[in-house]
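Input: a single structure, listed below in structure tokens.
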């Protein structure tokens with residue numbers, strides 16, 4: 001049901017205003033609350049335009065803040081989660097020219113580097129068009145591959161205009177959590 | 001205290017046989033490596049250091065990153081010198097070694113000692129640098145030994161390509177008297193970005209700060225005589241400055257913050273004494289001098305330092321000097337009082353002296369000092385102003401004449 005909705009929306013002509021609210025897919029939540037911020041890493045990012053600008057709640061909605069690459073156009077983003085999640089869809093927002101084009105997602109691969117990024121087959125590959133970037137609508141992922149995700153690695157291989165710098169305004173991940181024990185809820189049994 | 005994994009690339013090519021760094025380039029390099037390993041492991045116990053060669057039998061990793069200092073020192077032993085250094089391959093191998101570090105939380109750093117000529121183009125080096133930056137690896141270069149025209153530029157270009165937010169550094173060490181390790185001690189390679197590592201600070205006798213955990217920046221355990229000499233000269237200087245301040249005194253108001261003032265005083269004098277003592281420490285390491293000579297030298301240096309320091313003291317508020325010593329403060333107050341008193345007329349001064357007035361009254365016929373009216377007069381005399389005192393005085397001599 002949710003899948004049908006998002007596919008239909010993606011096929012429809014893009015909405016006019018970029019400030020249109022994001023349609024979170026039915027039954028999914030925005031996983032930004034479950035990101036373990038202490039472990040988030042981004043290789044080849046420009047230190048003044050860091051990953052935080054694209055991922056964090058308030059930063060990512062600010063049009064002036066973006067994530068930019070440094071030495072060349074590739075980016076390698078590592079996002080660990082605080083608990084196991086299922087990934088449903090992902091949203092990328094960026095400028096028409098320098099926004100990401102080819103995005104490879106790896107599930108549960110720790111500490112990858114640019115050298116071994118081509119050694120493993122990705123869990124999913126997205127080819128983003130400039131429509132995707134402007135629409136503010138999430139792109140569906142291969143749900144079956146992302147059932148048990150502890151960490152996600154996003155490899156951005158190139159951008160729309162093949163320029164040296166890739167810019168991303170927003171990255172949002174949608175999915176559900178797998179019910180695991182929330183340690184904070186764990187309370188000591190009162191003894192009489 | 002940054003958590004770091006470091007790979008040190010040693011240049012053991014034929015060029016290291018040269019003796020322009022005492023005793024040989026290779027030995028100087030080995031000493032520097034030992035020092036760096038010590039500093040890194042001390043600054044953070046979880047830091048790891050690895051060592052590899054760039055020449056000799058080829059690019060080989062001698063020790064993978066470990067926090068065991070003994071292993072590192074042992075592997076340096078028995079290294080042979082020969083062949084040519086392969087910088088590009090060495091950096092790649094170092095990168096690989098760092099990639100497979102056990103603790104992925106550690107920052108990656110490569111320290112390369114480059115003593116032989118660099119045969120690569122600037123372009124190639126820049127590509128290497130970019131690749132390092134992309135993988136978030138910092139690079140420190142120690143440029144020593146052979147220096148042809150382009151080597152410093154090439155290496156600067158490499159550092160510029162790698163550098164992101166000032167985490168990579170380059171140090172050029174020209175041949176000379178100073179040991180390679182001593183020169184490196186004061187560089188960011190040792191002190192790191194935060195500018196603090198207890199090992200480096202105590203070893204370098206912090207010329208900049210003047211005190212880094214130890215008084216006078218010299219460890220009393222390491223060099224007790226020097227520390228004693230410094231302390232004595234400090235006290236002598238302080239006494240001299242107080243004497244000068246007393247002479248130049250004008251103001252008496254005691255200001256607050258006397259501790260701060262006196263300590264800043266000390267710092268200014270010590271900062272001047274520091275470079276002298278630093279040089280003295282270095283000299284001592286190289287050629288053991290007579291202890292007396294050193295003492296003399298330290299005293300002479302601190303005196304000279306004090307001479308220029310006293311000028312600032314003279315400018316400083318006299319209250320600061322006075323506040324240090326309560327006796328001195330009292331003395332100053334009295335001297336100022338005297339000064340103020342001397343501005344009054346001499347006559348009033350005379351009348352301050354009660355006994356003198358009483359004796360005059362006694363000599364006058366018909367005046368009984370015990371008479372209440374006389375007593376009142378005496379009291380009023382002390383409370384009156386100049387003019388009345390003058391008038392009385394002029395009356396009395398006339399009376400006496402009669």
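Residues A:89, B:24, B:13 in ascending order of nearby Cβ atoms (within 10 Å, fewest first): B:24, A:89, B:13. Available extension along the chain between residue A:111 and residue A:72 is 12.1 nm, counting 0.36 nm per residue and deducting the alpha carbon span.
Label zone of residue A:145 (point 7 Å out along Cα→Cβ, amide N under 19 Å): in region A:111-136 this covers A:111-129.
Shape class for region A:28-140: rounded, because the ratio a/c of the largest to smallest gyration tensor axis (alpha-carbon atoms, square roots of eigenvalues) is under 1.5.
For the pair residue A:118 and residue A:102 in one chain, pulling the backbone fully straight at 0.36 nm per residue adds 4.4 nm over the alpha carbon distance.
The Cα atoms of region B:65-130 give a gyration tensor whose axes a ≥ b ≥ c have a/c of 1.5 or more with a/b no greater than b/c, which makes the shape oblate.
Return the whole-Å distance between the Cα centroid of region B:52-90 and the Cα centroid of region B:9-44. Taking the Cα centre of region B:9-44 as reference, the centre of region B:52-90 is 11 Å away. Computed extension length for residue B:46-residue B:235: 63.8 nm, one decimal, from 0.36 nm per residue of separation with the Cα-Cα distance subtracted. The simple Förster model, with R0 at 60 Å and r as the Cβ-Cβ distance, assigns residue B:84 and residue B:243 a FRET efficiency of 0.35. Sorted ascending by nearby beta carbons within 10 Å, beginning with the fewest, B:244, A:154, B:110, A:168 become B:244, A:154, B:110, A:168. Let a ≥ b ≥ c be the square roots of the eigenvalues of the Cα gyration tensor of region B:28-166; is it rounded (a/c under 1.5), or, if not, prolate (a/b larger than b/c) or oblate? Verdict is oblate for region B:28-166. The ranking of A:101, B:247 from fewest to most other beta carbons within 10 Å of each one's beta carbon is B:247, A:101. What whole number of Å gives the distance from the Cα centroid of region B:170-184 to the Cα centroid of region A:129-146? Result: 57 Å between the Cα centres.
Each reported figure results from applying straightforward, stated rules to the coordinates on display, with no laboratory input. All values derive from a computational prediction rather than experimental measurement. Reconstructed Cβ throughout: ideal geometry from the backbone, glycine too, with neighbour counts over all protein chains shown.
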